[in-house]
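One structure is given below, encoded as structure tokens.
The values are calculated or read from the model by the stated rules, or taken from the named source; none is laboratory data. Quantities reported herein were computed from a predicted structural model and do not represent experimental measurements. In this analysis, Cβ positions are derived from the backbone assuming ideal geometry, glycine residues included, and neighbour counts consider all displayed protein chains.
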Amino acid sequence: MSFADRNNPYSFNEFLAWRKSVDYYADDPFIQKVVRHFTGDLWQTVDAEARACSQKASYRWRDMSDWIARPEERPYMLHYDGHHNRIDRIVRPHDTEIMEKEIFSEAFFADKTPPWVKLIKMYLIYQNGEACIGCPITCTEGLVMLLEKYADTPETREILRHCKEGIGGDFAIGAQYLSEIQGGSDVPSNVLEAVNDHGMWKLYGTKFFCSATHADYAVVTAKPVGSEKVGLFVVPSWLPGNREKEIRNGYTIDRIKWKMGTSELTTAELTFNGAVAYPVGPLDKGVSNVVGIVLTYSRLTVGLSAAAYMTRAAREAEKYVSFRDAFGLKLNQFPLVAMQLYRISQAARRTTAGAFKLYRDFLKLEGGLKGSRGGDEPLPARKHRFNIRELIMLQKIAASWDCTDVIREAMSLFGGHGVMEDFSSLPRLYRDSAINELWEGPRNVLLTQIHRDLQQATVWYKPEEFVANILEGLDPMVIDEAVEEIKALVAHPHLFSMDDVTLDVCRRWDAFCHKFFHAYQDLALQEMAGNE
């Protein structure tokens, strides 16, 4: 029973003390099992690196991420200095700059850093949300992988060295500017102009969604004059000697976007007016290299960050419902609460296992998704490369969507406190997750692309074989059901007719792809359980 007491003694201190002391890696037996299972012979190295990184991500970087997320700390533009010189300075909190330098000093892309070490560090860091870190890391990775393949000039090789190994302890940050006002995902419709001015390429025109605008270098798509093909260029934000003078490389930052999430990260509109640019790869293969290299790593990161966000949300919800009382019981003693908690915890585990399984299979590809094609590659290898390409898109669709659902449900377990910005980080993670649903291709675009890919591959790779190969090891009834459904859906000519039959196919295709990737994630969990 409770009686009137004007000095209500209730406190959240027990829950807050736990939250303050939790170690993202050391206190999570599941992620330790994931690492041990999927990283193979490297697991001890990965485990040791994870424990060291977690000591920073779980405490110092967590607190800094929370602090810079306050509305009054949002970045803003200073277009001119006191003498009316155009400088386009992005003003960010000092804590952001300190944290960014510390995190990039982890040397994610250096030759000394194994891919699995990079991945586990990213997973732990992403539990703190975007924090002006998530997007810059993955954009830098895309730039590095692009230049690893195509850097062939002193300028591009120096940019690669700056991003990979750092110069004087300073590790460069990359960005990617693809979208234009007439179409975000429709990169072939780009009209930004690239002009060859006596052997030096310069860019003219506008880009409309430019994230990580504070970066040192950016991958930019543009069409050379007289060409309908999109080329790919790397653009320094400042030419040598001009950063200190705040003279940008032939472009202006017109404004910072006001986004619902990832607010610590500047996303801006830019105008290029003669920016010096260095071509990367064949100028008629820009779209292919963007999709095959740059967006591949971005989409992998969306899956990994979704796993990280969900893990934090489920962990904090689980602890809260074991702490909070209502109607004489702990919240976790109510069956409906227990059911919700199980659902979100299982989603987090499934997504994490699936992300690590997919990354393991991706690492085994010779040459990545841009390896040899067609007749010069054995058919089994060609099919495997196709599987990974489609799974990366499927993971981006399913994991980002699931993440928003999981965080929303986790917030509901906190009751009214769930939406209080100063009570927990979950509202911020929720907004960041909603952004990830759209970045690197919204759901409808990727669903269309997967359907088209499967139809184009039918001559050499039947959709039913694709499903059976990916789900091998699951219950045969699950596989048979998926095989029958995909045969019917891929048999439909295309997804562009506005008629009742096509609309029904679209509905079924959306549901099928989500369920299919869940089955792949379940296979990852099953694989782990079978090897314990």
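In this entry, residue 130 passes the filter for residues that are among the charged types (D, E, K, R), modelled with pLDDT of 95 or more and crowded, with 24+ Cβ neighbours inside 10 Å.
Please verify whether the stretch 289-296 includes one or more residues that are among the polar types (S, T, N, Q) and surrounded by fewer than 21 Cβ atoms within 10 Å (Cβ to Cβ). Full working, then the answer.
Quick first cut of the stretch 289-296, residues among the polar types (S, T, N, Q) only: 289, 296.
Now restrict to residues that are surrounded by fewer than 21 Cβ atoms within 10 Å (Cβ to Cβ): none.
The answer is no; no qualifying residue exists.
Among the candidates 472, 440, 464, 421, single out the residue that is under 25 Å from the mean Cα position of the chain (by Cα), more than 25 Å from residue 297 (Cβ to Cβ) and of a type in the set (D, E, K, R).
The unique qualifying residue is 421.
Of all the numbered requirements in (1) farther than 29 Å from residue 65 by Cα; (2) assigned to a strand (DSSP E or B); (3) charged (D, E, K, R), residue 254 misses one, and that requirement is (1).
Working carefully through the options 207, 229, 202, find the one that is part of a loop (DSSP other than H, G, I, E, B), in contact with a strand residue (DSSP E or B) (Cβ under 8 Å, 6 or more places away or on another chain) and in contact (Cβ under 8 Å) with a residue 24 or more places away in the chain. Every option except 229 fails the conditions.
Got at least one residue in the stretch 73-83 being outside any helix (DSSP H, G or I) and crowded, with 19+ Cβ neighbours inside 10 Å? Yes - at least one qualifying residue is present in the stretch 73-83. Condition first: surrounded by fewer than 20 Cβ atoms within 10 Å (Cβ to Cβ) and farther than 30 Å from residue 59 by Cβ. Can you find one or more residues in the stretch 306-325 that meet it? Scanning the stretch 306-325 turns up no residue that is surrounded by fewer than 20 Cβ atoms within 10 Å (Cβ to Cβ) and farther than 30 Å from residue 59 by Cβ. For residue 113, the requirement of being without any contact (Cβ under 8 Å) to a residue 12 or more places away in the chain and hydroxyl-bearing (Ser, Thr, Tyr) is met.
Yes or no, residue by residue, for (1) within 30 Å of residue 41 (Cβ to Cβ); (2) among the hydroxyl-bearing types (Ser, Thr, Tyr):
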residue: 365; (1), (2): yes, no
residue: 404; (1), (2): no, yes
residue: 429; (1), (2): no, no
residue: 460; (1), (2): no, no
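Per-residue answers, yes or no, for (1) under 20 Å from residue 120 (Cβ atoms); (2) outside the structural domain of residue 120 (by TED's automatic domain parsing); (3) modelled with pLDDT of 95 or more; (4) surrounded by fewer than 19 Cβ atoms within 10 Å (Cβ to Cβ):
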position	(1), (2), (3), (4)
353	yes, yes, yes, no
360	yes, yes, yes, yes
392	yes, yes, yes, no
395	yes, yes, yes, no
398	no, yes, yes, no
414	no, yes, yes, no
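Of all residues in the stretch 36-47, none satisfies being assigned by TED's automatic domain parsing to the domain that holds residue 131, at pLDDT 95 or above and among the small types (Gly, Ala, Ser).
Give the stretch 155-185 a look and list any residue that's among the polar types (S, T, N, Q) and in a loop (DSSP other than H, G, I, E, B), or say none.
Start the filter on the stretch 155-185 by keeping residues that are among the polar types (S, T, N, Q), which leaves 156, 176, 179, 182, 185.
Of everything in the stretch 155-185, those that are among the polar types (S, T, N, Q) and in a loop (DSSP other than H, G, I, E, B) turn out to be 182, 185.
Among the residues of the stretch 259-281, just one is within 25 Å of residue 305 (Cα to Cα), assigned to a strand (DSSP E or B) and among the hydroxyl-bearing types (Ser, Thr, Tyr), namely 267.
Pairs are defined by a Cβ separation below 9 Å, a sequence spacing of at least 6 or placement on different chains, a first member in the stretch 302-320 that is within 17 Å of residue 439 (Cα to Cα), and a second member that is modelled with pLDDT under 95 and outside any helix (DSSP H, G or I); the pairs so defined are 302/439; 302/440. Answer yes or no: is there a residue in the stretch 304-317 that is over 26 Å from residue 118 (Cα atoms) and outside the structural domain of residue 150 (by TED's automatic domain parsing). Scanning the stretch 304-317 turns up at least one residue that is over 26 Å from residue 118 (Cα atoms) and outside the structural domain of residue 150 (by TED's automatic domain parsing). Quick one: which of 110, 57 is modelled with pLDDT of 95 or more, in a loop (DSSP other than H, G, I, E, B) and of a type in the set (A, V, I, L, M)? Checking each option against the conditions leaves just 110.
If the condition is being acidic (Asp, Glu), within 23 Å of the chain's Cα centre (by Cα) and surrounded by 13 or more Cβ atoms within 10 Å (Cβ to Cβ), then the stretch 84-118 contributes 95, 97, 100, 102, 106. Does residue 322 satisfy the criteria of being at pLDDT 95 or above and touching a Gly at 6+ places or on another chain (Cβ under 9 Å)? Against the criterion (at pLDDT 95 or above and touching a Gly at 6+ places or on another chain (Cβ under 9 Å)), residue 322 does not qualify.
Of all the numbered requirements in (1) in the same structural domain as residue 414 (by TED's automatic domain parsing); (2) surrounded by fewer than 24 Cβ atoms within 10 Å (Cβ to Cβ), residue 279 misses one, and that requirement is (1).
Which helices (runs of 4 or more DSSP H) does the stretch 422-509 wholly contain that include 1 or more residues that are farther than 29 Å from residue 525 by Cα and either touching a residue at least 12 places away in the same chain (Cβ under 8 Å) or of a type in the set (Val, Ile, Thr) (or both)?
On the way: elements: 426-438, 443-457, 463-470, 476-491.
Once the helices (runs of 4 or more DSSP H) in the stretch 422-509 are filtered for at least 1 residues that are farther than 29 Å from residue 525 by Cα and either touching a residue at least 12 places away in the same chain (Cβ under 8 Å) or of a type in the set (Val, Ile, Thr) (or both), what remains is 443-457.
To keep it simple, each residue is scored yes or no on (1) among the aromatic types (Phe, Trp, Tyr); (2) assigned by TED's automatic domain parsing to the domain that holds residue 340; (3) farther than 30 Å from residue 67 by Cβ.
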position	(1), (2), (3)
438	no, yes, no
442	no, yes, yes
475	no, yes, yes
496	yes, yes, yes
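Would you mind stating whether residue 32 is touching a residue at least 24 places away in the same chain (Cβ under 8 Å), out of contact with any strand residue (DSSP E or B) (no Cβ under 7 Å at 6 or more places or on another chain) and not small (Gly, Ala, Ser)? Can you show your working first?
Numbers: touching a residue at least 24 places away in the same chain (Cβ under 8 Å): no; out of contact with any strand residue (DSSP E or B) (no Cβ under 7 Å at 6 or more places or on another chain): yes; not small (Gly, Ala, Ser): yes.
It is false that residue 32 is touching a residue at least 24 places away in the same chain (Cβ under 8 Å), out of contact with any strand residue (DSSP E or B) (no Cβ under 7 Å at 6 or more places or on another chain) and not small (Gly, Ala, Ser).
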